[in-house]
Amino acid sequence: MGACQASNPLLDPAPLPAFDRIAPEHVTPALDVLLHDAQAALERATSDAVAADYDAMSAVLDVATERLAFAWRAVGHLNAVADTPELRAAFTDNLARVTEFHTRLGADERLYRKFKAIHAGAAAAGLSPARRQALANAMRDFVLGGAELQGAARERHAQILARLADQSQQFSQHVLDATDGFACFASEAELAGVPADVVEAARAAAQADGREGCKLTLQMPCFQPVMQYADDRALRERLYRAYATLASDLGPAELDNSAVMREILALRQEEAQLLGHANYALLSLVPKMAGSPAQVIGFLRDLARRARPQAERDLAELRAFAQRELGLPDLQAWDMAYASERLQQQRYAFSAQEVRQYFTEGKVLAGLFRVVETLFEVSIREARAAVWHPSVRFFRIERGGELVGCFYLDLHARAGKRSGAWMDEVRGRWARPDGALQSPVAHLVCNFAPPVVVDGQQRESLLTHDDVTTLFHEFGHGLHHLLTRVEDIGVAGIAGVEWDACELPSQFMENFCWEWEVLQRISAHAQSGEALPRPLFDRMLAARNFQSGLHMLRQVEYGLADMRLHTEPGSEASIQAVIDEVRREVAVVPAPTFNRYQHAFSHIFDGGYAAGFYSYKWAEVLSADAWSAFEERGIFDPETGRRYREAILEAGGSRPAIESFKAFRGREPRVDALLQHQGIA
C-alpha cells in the first residue's frame, strides 16, 4: 500500500471505521482504490482461474466487495448523521460510481453462469442450509438485478438504477435541507403550556443565534411538544403548516420534491416492466413474504374495516371534548395532538410530560441493557471507539466472555442529522475465507432531545414514553443483526431477511415498555430518583390504546397509498389524486388541502420501503403473536427467551421468515393477538 493509501482512513484495515479521521477529501481516492480492487476481483472470479466453487468464489469476490461496502457504508452513515456541504458533495460525486459497479456486478452474465454452475453442481446438495439459502437468494437476485437482460434493455436497466440512486439522494437532501432551513421565533408568552425544558432549549438556541425569545424548529424534540402542549393555536398552525409542506411545491422551489417523486415512480415502473413485471409492486414483492399486491391491499383494507368503528368513536369523542372543554368547534389538523393530549390528561389523570420526568436517558439505557442481558443471556459493556460526535457511545455485547457484536449509539437530534430513528449495518457476521470470524457491528440512531444546560449545569436528557418505545424498537433491530449465529455473510443477521419480516424483532421489543416489571427497572424521577409509581403506570396502561383506531387507520392509509402508487402504472402523474382517494377511502380525520406528507415520505422514496410500508403492520401481526408466547409463560421465562433467540434472532436470514416463526411458535401466525393488544378485537 502506498503512502497516500496508508494515510487514508477509509482504506484502513482496522475492524472499525476511523470516524474521527474520515474527511471529505478521503472519499474519492479511497473509492478509486476500492472500486479498482473490486473490479479486478470480479474479473478474476469470472475467469477460469477460479473454479465454480462457493468457497473459492467467496475468497476472491466477497472479500473485495465487502471491503468496498464497509468503507462506503461509513461514508453514507456520516452523510446521514454529520452532513456538511463538503461531505455531501463527496458522497454525491461517488454515488454514481458505486451504484454503477453494483449494477454491473448484479447483472454480470459471466458471474451468473458461475453461480448457476455452483447451484447445479453435485456439491450444492452438501452445502449447509444457510449457504443453500444464500445461494438461492443469489440466483434470485441475479434475475432481479437484470442478469438475464440483453442489449438495449440491459443498458437501460443500468441507467435506471443509476438515476434512481441519484434521485433518492436528492429526495433525502431536500427533506434534510427543508427541515434544517426552517426556524421561527416566539416569545415565552407564546409558548405557554410547553414543557419548561423545551422552552429552555428553544431559548438557548435563540441566544446561540444572537436573537431574543425562543427558536423553534421542525426537529422532533421541538416540533412535537409544541404541537402537543402549546396553548397558542396560531403558533401550532404555523409549525404544522411548515411541517406538512416540507420539501413540497408550497415551499422553496429549489427544495421541492414533486418532480423527484414523479421521476422515481416512473423509473421504478419502467424497471419493473424491463424485468417482466406489470408494476413495481410485483417486482418489490418477489423477495418478500407477501405473495401479491392484491394480498397486501386486502390485508390493509381488512385492518381498516376492523379499525374504522373504533376510529370513528375516537374522533367523535375528541371533537366533542374539543368543543366542550377547549372552545374549538372546528377541530383542525394542528389541534389534533393538543386536544388529544388534553383529553388524555382529563380521562386518565396524567400527561405525557408528567411521565417523561421518570425516564432519564441513563436510567432507561441501563434498564434496557438489563432486559436484554436477562432475556438473551448476554452482557453489554461500554467500550472505546472512534466516533463522529462527542455524544455518540460505543458498546460491546458478550456471552461467556466472548465477543458477540458491537454497536454505536447516537441518540440526540442536531443540525445536519437526518430525522427519524434507524438501525444500520456497519458490518455483518462472517466466517471469512482466511479463517477469521468477523463479528457484527451496528449503528443505532435516534433523534431525542439532547441534554440542556441551565445555569451552567447540564441536565440529563429526558425521554418521553414514545421515545423509550422507539429506543426499544431500534434495539430490537440491532439484536436481530448482532445476535445471529449464522456465519454466511449473505444471510447472517438482517441480511437476507424478507423486508416484511424485518420489523418483527423491533416491534416485539416495544412490548417490554408496557410491563410493570420492566418500567420499574428503567425509570427514575429526574429530581427524586423514585421509580414510576404504580398508580401512574396503571393510568398509562389504561391509556395504552387511547385512539388506537385512529393510529391504525393512519398506518393503513400510508401503506395503502404506497402500494397503490407502486401498483398503478401512470401514478406518477397523479400522486396527489391517489393520496386523496386513499384518504377518502380510509381516513376519518380530514387532511388540510395543503398537506403534502408524501413530499417528505422518506420511507418509500429513500428508505427501502417502496411497495413495502405495509411491512410495519404485516410484521406487527408476527410480533404480537410472538409476544403472546411470553405472556403465556412469563416475559422473562428463560426457556421462551432462549427459543425466541435461537429461532428468530440467531437464525437471521438463513431460512424463510415463516419457517423461523413456526420454529418458535409451532404454528402459523394469527392476527388476533395484534387486534387484542390494540383493543380493537
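The values are calculated or read from the model by the stated rules, or taken from the named source; none is laboratory data. Not measured: the values here are computed from a predicted model. So basically every Cβ, Gly included, is an ideal-geometry build from the backbone, and we count neighbours across all protein chains shown. Side chains included, ligands, DNA and RNA excluded: accessible areas come from the protein's heavy atoms. Shrake-Rupley method; radii C 1.70, N 1.55, O 1.52, S 1.80 Å.
Residues in the stretch 130-186 that are open to solvent by less than 40 Å² (accessible area, probe 1.4 Å), within 30 Å of residue 211 (Cβ to Cβ) and of a type outside the set (S, T, N, Q): 174, 175, 176, 178, 184, 186.
Can you tell me which residue among 503, 498, 425, 474 is farther than 18 Å from residue 619 by Cα and either open to solvent by 10 Å² or more (accessible area, probe 1.4 Å) or out of contact with any strand residue (DSSP E or B) (no Cβ under 8 Å at 6 or more places or on another chain) (or both)? From the options 503, 498, 425, 474, the qualifying one is 425.
Can you tell me how many residues within the stretch 109-139 are in contact with a Phe, Trp or Tyr (Cβ under 9 Å, 6 or more places away or on another chain) and within 24 Å of residue 497 (Cα to Cα)? Number of matching residues: 12. Filtering the stretch 92-112 down to residues that are in contact with a Ser or Thr (Cβ under 8 Å, 6 or more places away or on another chain) and among the hydrophobic types (A, V, I, L, M, F, W, C), which residue is most open to solvent (accessible area, probe 1.4 Å)? For the stretch 92-112, the residue satisfying everything is 105. The set of residues in the stretch 349-408 being within 18 Å of residue 461 (Cα to Cα), open to solvent by 40 Å² or more (accessible area, probe 1.4 Å) and either under 25 Å from the mean Cα position of the chain (by Cα) or among the aromatic types (Phe, Trp, Tyr) (or both) consists of 363, 366, 389, 390, 393. Within the stretch 275-318, the residues that satisfy the criterion of being in a helix (DSSP H, G or I), over 24 Å from the mean Cα position of the chain (by Cα) and surrounded by 16 or more Cβ atoms within 10 Å (Cβ to Cβ) are 306, 307, 308, 310, 311, 314, 315, 318.
Could you go through the stretch 113-129 and let me know if any residue there is at pLDDT 95 or above, crowded, with 18+ Cβ neighbours inside 10 Å and within 30 Å of residue 176 (Cβ to Cβ). No: the stretch 113-129 contains no residue that is at pLDDT 95 or above, crowded, with 18+ Cβ neighbours inside 10 Å and within 30 Å of residue 176 (Cβ to Cβ). For the stretch 32-55, does any single residue satisfy the condition of being of a type outside the set (A, V, I, L, M), part of a helix (DSSP H, G or I) and buried (at least 20 other Cβ atoms within 10 Å of the Cβ)? Yes, the stretch 32-55 contains at least one residue that is of a type outside the set (A, V, I, L, M), part of a helix (DSSP H, G or I) and buried (at least 20 other Cβ atoms within 10 Å of the Cβ). The residue that is farthest from the chain's Cα centre (by Cα), among those in the stretch 648-680 that are crowded, with 19+ Cβ neighbours inside 10 Å and of a type in the set (Gly, Ala, Ser), is 673. Counting only helices (runs of 4 or more DSSP H) that sit wholly inside the stretch 105-212, those with at least 2 residues that are within 30 Å of residue 247 (Cα to Cα) and either in contact with a helix residue (DSSP H, G or I) (Cβ under 6 Å, 6 or more places away or on another chain) or without any contact (Cβ under 8 Å) to a residue 60 or more places away in the chain (or both) are 151-181, 196-208.
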